[in-house]
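**Student:** Attaching a single structure in structure tokens format; questions to follow.
The values are calculated or read from the model by the stated rules, or taken from the named source; none is laboratory data. All figures in this text were calculated on a predicted structure; none of them were measured in a lab. Because the Cβ atoms are built from the backbone with ideal geometry, glycine has one as well, and the counts that use them run over all protein chains shown. All accessible areas refer to the heavy atoms of the entire protein, side chains included, with ligands and DNA or RNA removed. Shrake-Rupley method; radii C 1.70, N 1.55, O 1.52, S 1.80 Å.
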Amino acid sequence: MDTINWSELSFGYMKTDYNVRSYYRDGKWSDPEIESSEMISLHMAATCLHYGQEAFEGLKAFRGKDGKVRIFRMRDNALRLQSSSRGIMMAEVPVELFEEMVLTAVKKNMRFVPPYESGASLYIRPLLIGTSAQVGVKPSKEYMFLIFVTPVGPYFKEGFQPTPMVIMREYDRAAPLGTGTYKVGGNYAASLVSGEKAHEMGYSAVIYLDAKEKKYIDECGPANFFGVKNNTYITPESTSILPSITNKSLMQLAEDMGMKVERRRVPEEELATFEEAGACGTAAVISPILRIDDISENKSYYYCKDGKAGPISEKLYHKLRAIQYGDEPDVHGWVTVVE
Ligand SMILES: *Cc1c(COP(=O)(O)O)cnc(C)c1O
């Protein structure tokens with residue numbers, strides 16, 4: 001690598017210098033090891049390969065105008081990985097170890113943190129997998145926890161762009177008492193067919209309804225859903241959605257802006273009443289929704305009538321990005337400055 005064209009980065013994988021690993025054996029996590037290889041050596045009967053003992057996280061580091069690098073809400077990601085671990089019976093990574101390894105992964109790859117002006121950032125991907133050989137269905141005794149990083153471009157290359165999304169009633173992502181609240185690969189495998197179909201039809205994402213009653217909004221594939229009306233930020237409460245840290249942050253910012261915040265079930269009919277709607281997650285912060293088509297019911301819900309994101313989505317988006325890049329004070333203690 002000599003020079004990276006920061007403005008042409010996509011949300012893809014680029015090799016960086018190092019990754020960081022820790023191994024769980026005999027009930028203990030090893031000291032973190034710094035690796036330059038992108039490969040892992042794995043037993044062919046490892047539980048992650050056969051029985052889906054795999055969970056991951058996604059967070060970002062941002063370079064500010066002052067040149068400092070800031071990591072957003074890493075403690076929340078550490079706690080969520082612990083929750084995912086309990087959900088599929090994996091060893092829990094201690095919060096301190098998680099934070100130490102995130103900091104090491106960023107520091108060892110400092111030259112890959114994009115410059116402030118580019119609008120790009122460093123994506124951090126922690127991964128936890130069951131590694132011991134098992135043929136019977138049982139949790140692994142040994143685990144590997146690994147963190148790699150890769151620079152990613154700004155999600156919106158042509159500015160903050162609303163896109164159409166779709167409700168596909170013939171597919172579910174997660175069951176009400178299943179694994180939807182955990183960030184595990186299995187949920188993503190379950191969403192690939194519908195996701196690809198949606199893309200082929202020109203939609204940016206699938207909006208899932210609750211799998212049991214098909215009445216309430218769950219989430220948008222890899223992002224949470226929110227709607228805005230009457231100065232209120234409304235986001236679904238459900239036992240099958242992933243607790244998004246971006247959504248939690250937006251709820252706080254909406255409250256700070258004097259809005260009401262409601263976390264409750266959102267029936268599909270309510271889509272017709274929202275002034276604005278969006279999907280939220282680490283990748284894009286907010287993806288404003290242009291239109292939602294419920295194709296088998298022949299219904300459509302329209303937002304952004306002028307093709308532009310609504311004023312509240314726009315304001316929340318800029319506010320959160322400003323905190324992440326250090327342009328505005330971090331009053332909620334969300335940011336860790338890499339020293
Ligand atoms: C990761 C993820 C999100 C977004 O969470 P953030 O913490 O905001 O990045 C939303 N839904 C699902 C299913 C996810 O896996």
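**Student:** Give the cross-link partners of LYS28 among the aspartates and glutamates, using a straight C-alpha distance below 19 Å as the criterion and excluding same-chain residues fewer than 8 apart.
**Tutor:** Cα-Cα hits under 19 Å: GLU54, GLU92, GLU96, GLU99, GLU100, GLU142.
**Student:** Oh, and also: Can you give the relative contact order of the chain as a percent, counting alpha carbon pairs under 8 Å and 6+ residues apart? Write out the running numbers ahead of the final one.
**Tutor:** Details: 724 pairs, mean separation 64.1, N = 339.
Computed over the chain, the figure is 19 percent.
**Student:** Identify, among SER22, GLN161, GLY278, the residue whose Cα sits farthest towards the positive end of the charge dipole of the chain, taking +1 on the Cβ of Lys and Arg and -1 on the Cβ of Asp and Glu, with the dipole about the Cα centre.
**Tutor:** Comparing the listed Cα positions along the dipole, SER22 ranks first.
**Student:** In deg cm²/dmol and to the nearest 500, what is the mean residue ellipticity at 222 nm of the chain if only DSSP H runs of at least 4 residues count, each as -39500 (n - 2.57), divided by the residue total? Walk me through the numbers before you get to the answer.
**Tutor:** Details: 6 runs with 73 residues, N = 339.
Roughly -6500 deg cm²/dmol at 222 nm, from the helical runs in the chain.
**Student:** Report the accessible area of ASP76, computed with a 1.4 Å probe over the heavy atoms of all protein chains in place, in Å² rounded to the nearest 10.
**Tutor:** Surface accessible to solvent at ASP76 totals approximately 40 Å².
**Student:** How much of the DSSP bridge set in region 163-323 is antiparallel, in percent, rounded to the nearest 5?
**Tutor:** 60
**Student:** Just to be sure I understand: with springs between alpha-carbon atoms less than 10 Å apart, which residue in LEU81, LEU177, LEU103 has the highest mean-square fluctuation in the Gaussian network model of the chain?
**Tutor:** Highest fluctuation of the listed residues: LEU177.
**Student:** Quick check: convex hull of the Cα atoms in region 6-152, volume per residue, rounded to a whole Å³? Let's see the in-between values first.
**Tutor:** Values: hull volume 15.4 nm³, N = 147.
In region 6-152, the Cα convex hull volume per residue is 105 Å³.
**Student:** Quick one: compute the contact order of region 98-203, relative version, from alpha carbon pairs under 8 angstrom and 6+ residues apart, as a percent.
**Tutor:** Values: 97 pairs, mean separation 22.7, N = 106.
This gives 21 percent for region 98-203.
**Student:** Moving on to the next point. Could you sort THR163, THR235 by their accessible area in this structure, using a 1.4 Å probe and putting the largest first?
**Tutor:** Working: THR163 40, THR235 0 Å².
Sorted descending by solvent-accessible area, the residues read THR163, THR235.
**Student:** Going toward the positive end of the dipole of region 163-323, with +1 on Lys and Arg Cβ and -1 on Asp and Glu Cβ, which of ASN231, ALA174, ILE207 do you reach last?
**Tutor:** ASN231
**Student:** Moving to a separate point now. Quick query: amide H of GLU262 versus all other amide H atoms, modeled in the peptide plane; which residues come in under 5 Å with a sequence gap of 5 or more or a different chain?
**Tutor:** Residues meeting the criterion, in which the H sits 1.01 Å from N, are TYR233, ILE234, THR235.
**Student:** Name the shape class, rounded, prolate or oblate, that the alpha-carbon gyration tensor gives for region 92-181, where a ≥ b ≥ c are the square roots of its eigenvalues, rounded holds for a/c under 1.5, and otherwise prolate holds if a/b is larger than b/c and oblate otherwise.
**Tutor:** oblate
**Student:** Follow-up. With a cut-off of 8 Å between alpha carbons and a minimum separation of six or more residues, what is the relative contact order of region 6-152 in percent?
**Tutor:** 37
**Student:** Compute, for the chain, the length of the dipole vector about the Cα centre, with Cβ point charges of +1 (Lys, Arg) and -1 (Asp, Glu) only. Units Debye, rounded to 20.
**Tutor:** On the way: 40 positive and 45 negative charges, 55 e Å.
Computed charge dipole of the chain: roughly 260 debye.
**Student:** When the expected Rg is taken as 2.2 N^0.38 Å, what fraction or multiple of it is the alpha-carbon Rg of region 1-58?
**Tutor:** On the way: Rg = 15.7 Å, N = 58, 2.2 N^0.38 = 10.3 Å.
Ratio of Rg to 2.2 N^0.38 Å for region 1-58: 1.52.
**Student:** Okay, moving on. Quick one: Kirkwood hydrodynamic radius for the chain, alpha-carbon pairs, angstrom, one decimal? Don't skip to the end; give the middle numbers.
**Tutor:** On the way: mean 1/r = 0.0479 Å⁻¹.
For the chain, the Kirkwood estimate is 20.9 Å.
**Student:** Taking loop as defined by DSSP and a crowding limit of 10 other beta carbons within 10 Å, which GluC sites (Glu not before Pro) in region 140-239 fit?
**Tutor:** Working: sites: GLU142, GLU158, GLU170, GLU196, GLU200, GLU213, GLU219, GLU237; in loops: GLU142, GLU158, GLU170, GLU213, GLU219, GLU237.
In loop regions of region 140-239 (DSSP not H, G, I, E or B), the sparsely surrounded GluC sites (Glu not before Pro) are GLU158, GLU170, GLU213.
**Student:** What is the Cα coordinate range of region 163-323 on the first, second and third principal axes, sorted by size from largest, in whole angstrom?
**Tutor:** Result for region 163-323: principal-axis Cα extents of 38, 32, 25 Å.
**Student:** Distance between the C-alpha centers of region 62-114 and region 193-248? Whole Å please.
**Tutor:** Cα centroid to Cα centroid, the span is 25 Å.
**Student:** Among the DSSP beta bridges whose two residues both lie in the chain, what percent are antiparallel, rounded to the nearest 5?
**Tutor:** Working: 54 of 66 bridges.
Among the beta bridges of the chain, antiparallel pairing accounts for roughly 80 percent.
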